[in-house]
Amino acid sequence: MAAGFVLTPHKLSMCVLLQLYAAPPALTPPFPLPAAVRHQLALFLLGLAKACDGFLEPTLEDLGMQLKECLGSIGEVIAEQLASRLLGFSSPEDLFTFVVLGLRGKLFRGGGNEDSLLVEHNSPLGQFLRRCILSFNILSFEGTCRLLAELDAYRRPALSIGDGNIVAKDSLSCQQAEGDDDEDEEEDRLEDDEDENVIASVTPVHGRERHGNGRRAFGVPLIPTEGKVNGSFCFVKRVEQVHYLQYLNSIHHGDYPAAMSRLHQYFDYSVGRFQAGLLTLGSMHAHFGHVTQALQASFSALRIHLTFSMQNNDDACLAHSLAALCHLLSEVGVAAEVTKAGAIGDFDRSIGPQLAAQQHLLLSLKRCLKRALELKLPNLVAFSRLALAKFDLQVIRISGLTLRISPYLLGDLVHSMSSSGSQRITSGAFGQAPGMPGNTQTGRLGPLSESLLKLAGSSYLLRSCSWELYGSDPMMRASTLVHAYCYSKSASADDLSVAYVKLAHHLAAHKGYRVALTALEQAMKKFPLHARSSLRSVQLQFIHSQAINRGNTRLAWVACSELAAMASPVLGVDMELKFEASYRHALTLLACKNYSEAATSAGELFALCYKYDMQLHVVKVLLLIAEIHKKSGSAVTGLPYVLGSITLSQSLNLDLLHAASRVSLAELWLDLGADHAQRALDLLQQSLPLVLGHGSLELRARTNLCIARCYLSSTDFSVATAPELVLDPLQLAAEEFMNLEDKDQASEAFYLLATTFNSIGRMEDRDKAAEKFQQCVVEEL
Amino acid sequence: MALPPPRKNPRGRKFFYFVQDRSRWIATSCEPLDWLKHSQGLDDALVLGSAAAALWRQARLTGSSSAGRFASSATGDSTQPRNAGVNRAAEQLVGLPEDRENVGPAPVPDEAEGGDGDVFLLAKAFFDMREYRRAAHALRGATGKKSFFLRCYATYLAGEKRKEEEIIELGGPLGRSDAVNPELAGLEQELTSHSEKGTLDAFGNYLYGVVLHERDRKSEARAVLCASVNTYPWNWSAWLELQALCTDPEILPTLRLEDHWMRDFFIASVYLDLQKNSEGLACYRSLHAMFPVSDYVLAQTATAHYNLREFDEAEGLFEELLRTDPYRIEGMDMYSNILYVKECFAALSHLAHKAVLTDKYRPETCCIIGNYYSLKAQHEKAVLYFKRALKLNRKYLSAWTLMGHEYVEMKNTPAAIDAYRRAVDINPRDYRAWYGLGQTYELLIMPFYALYYYRRAAQLRPHDARMWCAMGQCYENEQLQMFDAAIRCYRRAVNNNDREGIALNKLAKLHSQLGQADQASYYYKKNLERLEADQSEGQDVVDALLFLATHSKNQGFLDDSEMYCMRLLDYGGPAKEEAKALLREIRSVQQHASVLPSMDLEQFTP
């Protein structure tokens, strides 16, 4: 440790503070300090001592500010005292007297007056002091001169403020830093609190990146701008780390060639860390979306482990490579194409190539979890658990044929993470990460635990996903809200935007598309980076649905094709988006009354879902096909599809889809003729609790309308006896369809309302309903 | 040793030698009129801190034997007392009262110095004694342009000196360091204000350019340097500084340079630096017509030939150079590289011996010795000498690269990577170091990682088949197995005249692996032609013959196949047996074929 410990002006001023704390001058007014203040000062010094391995040290001014913050007016006095003491150092002899005689003599051996304390040799402060003294003792005369020169630069700003003529603090760095105006909003916001610990945060960022299994790279880290980085060259002792900083910076600016060259530069200088180099290369490629290259790099990182297994075995790095690979595989989705192209090569001969990519992924993930548990890497444990849960969500294993909340999610992930909390992690597994800035002072959690918090947050997102699949909208909303409220600070922008998307979906389902679209616009303002990708796709979906409902097929076509264009052209990638696009394509065809084409395209979609094992989507497609048949007027041919979707959704526990299928079935029965009205009604009434509790506006409206139609068409029901049985659902349906801007269906509801009112003789209401019907029809025309 | 220190070894020394070259040229090939025309400029140029400057100044001042002084200034410590004498004299001169009529005739004040000629003289003497701060201090009140320049330049050099010392204090001679010249900020401020006022002359602009370059403000530095060389083209240091700023081929056409023969020198030199060797060679040929006896042009021509891998021509030129200038060391490291490649043990040892006798402590000398030991496969010793070269000049590019090569030979990959990386950081256009980095990572079985470095090397030398072959090998590696990419690389190598013939063989093998027999046979045939032309025999020939025999048999070209088989019979081993088996098969098919038509006839004629 002592080898890298260099005495700097900042450490010198800490020593002065320490002296003020332990052996205060007897006579000056604020001294001796009150006991409480003294205690606070001790805590303050402890915090500084812990952070002293950091990269960039605070300036004298900053130190003064911190003192003021911490100790109030007495802090100000202490800061003045400090500055005047520092001014006293003008020759090497002064330094010698202070360090060797003053510090070693008084603090360790006692001496001074009765207020002075002895500093325990092995206490953190004592150790710090000893390191300072030792490094001063081994300084050559040139080194002392240098320290003096640095001290001059260190205290210069404090001097220049006095005469109001601000000399450029360190004109080398500051001019450039200020000249940089092209930072985006996000950075501007962060800049203030970032300024002082730009470099101090490097090591943690570095750690985060290393442990970052690629994904973290997307959640734009707080990277300073180029000017600052270049400027920091002047301060930094370990030059290589600046290359890393520059690498992060170029990644942030999306400068691929620069990032590439900086990365190689950094790892060329950090001897022997080939695996880490490959891992980082992989995560960089992943960041830039070069999936194949990222896979290559991760595989190489795994392989190099085999090559060097005897020598420098970096197990943690291996585990991270594995995690990165898993992440990539899951991101890429079904990587079958890649494997086919032979790009991946034979990753693991023992598994054999016959296994499908998904099983491959599952195995890797489990292995990753095991390794992470062995190596006690909480970050990685959390990641692999989450990934496994995600895998469970995405890929429903046919053998089990049930969808349940993954045990990995239900397990005490969050709990275990919070209990293992910051302290064990910082002291244990990541103990080597130096320079966690000011834990005690600010009361913030360290950066590492922040990344854990982020994972905990994503677990809520996953929960919300699984509730969504189950079909419980309130639960989904609750989980999402928990994420958005409690984890918004630590979550990556990616995760947060997903949460917003989910909330928007909820709004769309329950408040109509207009509200959802305005909400989305807010989100887009908040996440300018995602506005063009994920948020845009959701917006297009809403626009499409709205257009279909309004009967604006032209707009629907545009939205649909734009959606399709957003998906990546690579096979097997972006499957969700591709599914959505073709699903909407079929829907649009249906809205244009182009039944045969709609059926063909839905059939193709079914084949696609089947091919990629997308069980959930299969149900949706089956329902769509049934709908097409129904609309085309042949209810009988639609029946098998609905039945299929009922079976499937039941077996997969997709409750809401199950209810929707039953509603569709009821509609089909009703279309088959009045004889089946009773049967349809029974079906509808069975699914009513779920529909009313969790169903979307559209489903509720459809159900209500269908119920009314059942009553009206059934032979043994007369409106006169119980008109409310028909009127209530019809009114609800009309209202809900109006909310959805679905004029077509709304007009049907109004029509039925009008006829019913007519038959029971409520003329005024009849006229109102008729008028609304007229409005709907006219508008639609 | 006693040369007034060049700011940075290569640049400063280049300047010095060039001035000498040029003065020789002026003396030998110019009309007296031209000589006079240039002499004032030459005088100015010499102020820049070369030993010759002292010679000129002092010769004019004292009229003493200039040759003797020059000789003494080149031989180390013996200069000190004499220079000290000059110092003393200059101090005395300045120490005279303002009114010095009664002391003796005052020296004629320099018309440009506006009266502070003596102070300038004193400062110049301090400067020559390498007491830069003292020189700058002596000039603190002087207003003339020369004084201003000398003061700034001395300040700059003082900062550089401090920087060098700090580097040694902090990290040892080969350690990395982040030391910066502490004077840069102040100099920049002063020079900027002067530049805004428009009071900078060519030399002021040169220094301003240097400072801007160090502060990483490259485009401004370029503009300033262009202005400097346009007003005063004979300052080769400014051209060199400008060259260091032309890292990209696209930059060159954007520079606004006035037409001048110095510009031609510059352009030629930039071409060589950018690896546009044939263009550079053409430039030097035309310059050679203008300056037929210039050693500099000769040496640069040889370098261009060397870069083009035309070793014989380069060797001839270097030999000629040594004949005319036997004690020359500059550029001889290149010559030693050629001798190394050609494995001329005796010539290399002779060269090393001569270099040691001429000047032992020159980086080039150490490099030549390193090359010698490397050729003798004594890699530890070679590394020792390369290290010494680097101690003498930390930015000596080829020593870093060559040391990397040695470490690779010694299987010390981390050290090799470090050495190569330093070379690349000094000059990112050094394709050898990029290539070496790639090679090292390939040795570490990291082909995917190595690809990046090979790509950089190939970007620098797109017409060098070796780069493409290396990339192809990476793609072909069992880890990557990207055969299509590998084939594309090898094709480029073939198109770029792959002399080692690796690419053809690889292409043939790859195609046959991928089952593309037609392409494979095409490349096997080409490879066979090449091997025949080289009259080389080996496994490659056998492979090619075997494949071609089998392939032509399968295609039904039995005669061709037979021919290949017959040739195979000349080789021993299993191939011979296979050829025999093939031949037997061919015979039976031939017999069968000769029988078949008759059978057909029998069938159709009842």
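The values are calculated or read from the model by the stated rules, or taken from the named source; none is laboratory data. As the structure is a prediction and not an experimental result, all values here were calculated from the model. Virtual Cβ from ideal backbone geometry, glycine too; neighbours counted across all protein chains shown. To get the accessible areas, we keep the full protein, side chains included, count just its heavy atoms, and leave off ligands, DNA and RNA. Shrake-Rupley method; radii C 1.70, N 1.55, O 1.52, S 1.80 Å.
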Quiz item: Rounded if a/c is under 1.5, else prolate if a/b beats b/c, else oblate: with a ≥ b ≥ c from the C-alpha gyration tensor eigenvalues square-rooted, which is the stretch B:403-499?
Solution: oblate
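For the stretch A:666-731, what does the convex hull of the Cα positions come to per residue, in cubic angstrom?
Each residue corresponds to 74 Å³ of Cα convex hull volume.
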Practice problem: Determine which lysines satisfy two conditions relative to A:K50: a Cα distance under 20 Å, and not lying fewer than 8 residues away in the same chain. | Solution: A:K11, A:K68, A:K237
Self-check item: Residues A:L46 and A:S73, FRET efficiency given R0 of 30 Å [Cβ-Cβ distance, rounded to 0.05]
Solution: 0.85
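How much net charge surrounds B:Y523 when only the other residues with a Cβ under 11 Å from the Cβ of B:Y523 are counted, with Lys and Arg +1 and Asp and Glu -1? It would help to have the intermediate numbers written out before the result.
Values: positive: B:R491, B:K506, B:K509, B:K525, B:K526, B:R530; negative: B:D518, B:E529.
Overall, the nearby charge balance is +4.
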Quiz item: To the nearest 10 square angstrom, what accessible area does B:D248 show with a 1.4 Å probe?
Solution: 60 Å²
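Would you mind giving the mean number of other chain beta-carbons within 10 Å of the Cβ of each residue in B:441-447, as a whole number?
Working: counts 4, 0, 0, 5, 7, 11, 2.
Partner-chain Cβ atoms within 10 Å, mean over residues of B:441-447: 4.
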Practice problem: Sort A:V558, A:V99, A:V777 by accessible area with a 1.4 Å probe, largest first. | Solution: A:V558, A:V777, A:V99
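Rank by packing, highest mean first: peptides A:628-641, A:129-142, with packing defined as the count of other Cβ atoms within 10 Å averaged across residues. It would help to have the intermediate numbers written out before the result.
Working: A:628-641: 18.3, A:129-142: 16.1.
Highest-to-lowest ranking by the protection proxy: A:628-641, A:129-142.
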Quiz item: Cα extents of the stretch B:345-448 along the three principal axes, largest first, in whole Å?
Solution: 47, 26, 18
Practice problem: Assign one of three labels to the stretch B:178-250, namely rounded, prolate or oblate, based on the Cα gyration tensor with a ≥ b ≥ c the square roots of its eigenvalues; rounded applies when a/c is under 1.5, prolate when it is not and a/b is larger than b/c, and oblate otherwise. | Solution: oblate
Quiz item: Roughly what would the spin-label model give for B:V356 and B:Q513, points 7 Å off Cα along C-beta, in nm?
Solution: 4.8 nm
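Compute the FRET efficiency between B:Q459 and A:V271 as 1/(1 + (r/R0)^6), taking r as their Cβ-Cβ distance and R0 = 35 Å, and round to the nearest 0.05.
Details: r = 26 Å, r/R0 = 0.75.
Efficiency computed from Cβ-Cβ geometry: 0.85.
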Practice problem: Would you mind computing, in nm to one decimal, how far apart the modelled labels at A:N552 and A:T647 are, each placed 7 Å from Cα along Cα→Cβ? | Solution: 4.2 nm
Practice problem: Can you tell me how much longer the chain between A:C486 and A:D675 gets when fully stretched, taken as 0.36 nm per residue apart minus their C-alpha distance, in nm with one decimal? | Solution: 62.6 nm
Exercise. Determine ³J(HN,Hα), in whole Hz, for all residues of the stretch A:617-630 in sequence, where each value follows from phi through the Karplus function 6.51 cos²θ - 1.76 cosθ + 1.60 and θ = phi - 60°; x replaces Gly and Pro.
Key: 6, 4, 4, 4, 5, 4, 4, 4, 4, 4, 4, 4, 4, 4
Quiz item: Would you list B:R394, A:R762 from the most to the least accessible area, probe 1.4 Å?
Solution: A:R762, B:R394
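Can you check what the Kirkwood hydrodynamic radius comes to for the stretch A:673-780, Cα pairs only, in Å to one decimal?
Values: mean 1/r = 0.0716 Å⁻¹.
14.0 Å is the Kirkwood radius here.
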Exercise. Under 11 Å from a label point 7 Å along Cα→Cβ of B:M290: give me every residue in the stretch B:248-262 with its amide N that close.
Key: B:259-262
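Could you give the length gained by full extension between B:K576 and B:D259, i.e. 0.36 nm per residue of separation minus their alpha carbon distance, to one decimal place?
On the way: separation 317, 0.36 × 317 = 114.12 nm, distance 6.86 nm.
Full extension of this stretch gives 107.3 nm more.
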Quiz item: Which FRET efficiency value, to the nearest 0.05, do you get for A:S123 and A:K370 by plugging their Cβ-Cβ distance into 1/(1 + (r/R0)^6) with R0 = 35 Å?
Solution: 0.30
Quiz item: Which parts of the stretch A:681-695 would a label at A:S713 reach, counting a residue when its backbone N lies under 16 Å from a point 7 Å out along Cα-to-Cβ?
Solution: A:681-685
Quiz item: Taking the Cα centre of the stretch A:673-780 as the origin and placing charges on Cβ (Lys, Arg +1; Asp, Glu -1), which of A:G673, A:A734, A:L692 is farthest toward the positive end of the dipole?
Solution: A:G673
Practice problem: Describe numerically, in nm with one decimal, the distance between label points set 7 Å from Cα along Cα→Cβ at B:D312 and at A:R104. | Solution: 7.3 nm
Practice problem: Using the structure shown, select from B:K553/B:K576; B:K354/B:K387; B:K146/B:K197; B:K124/B:K354 the pairs with a Cα to Cα distance greater than 26 angstrom. | Solution: B:K124/B:K354
Quiz item: How much solvent-accessible surface does B:W261 expose, in Å² to the nearest 10, with a 1.4 Å probe and all protein chains in place?
Solution: 50 Å²
Quiz prompt | Subset of A:K511/A:K743; A:K489/A:K526; B:K276/B:K526; B:K342/B:K376; B:K342/B:K391 violating a 18 Å alpha-carbon distance limit | solution = B:K276/B:K526; B:K342/B:K391
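By its C-alpha gyration tensor, with a ≥ b ≥ c as the square roots of the eigenvalues, how is the stretch A:472-546 shaped: rounded for a/c under 1.5, else prolate for a/b larger than b/c, else oblate?
Numbers: a/c = 2.24, a/b = 1.15, b/c = 1.94.
In terms of gyration-tensor shape, oblate.
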Quiz prompt | ³J(HN,Hα), Karplus 6.51/-1.76/1.60, whole Hz, each residue of the stretch A:6-12, x for Gly, Pro | solution = 10, 6, 10, x, 4, 5, 4
Quiz item: Given the protein chains as shown and a 1.4 Å probe, how many square angstrom of B:D559 are accessible, to the nearest 10?
Solution: 110 Å²
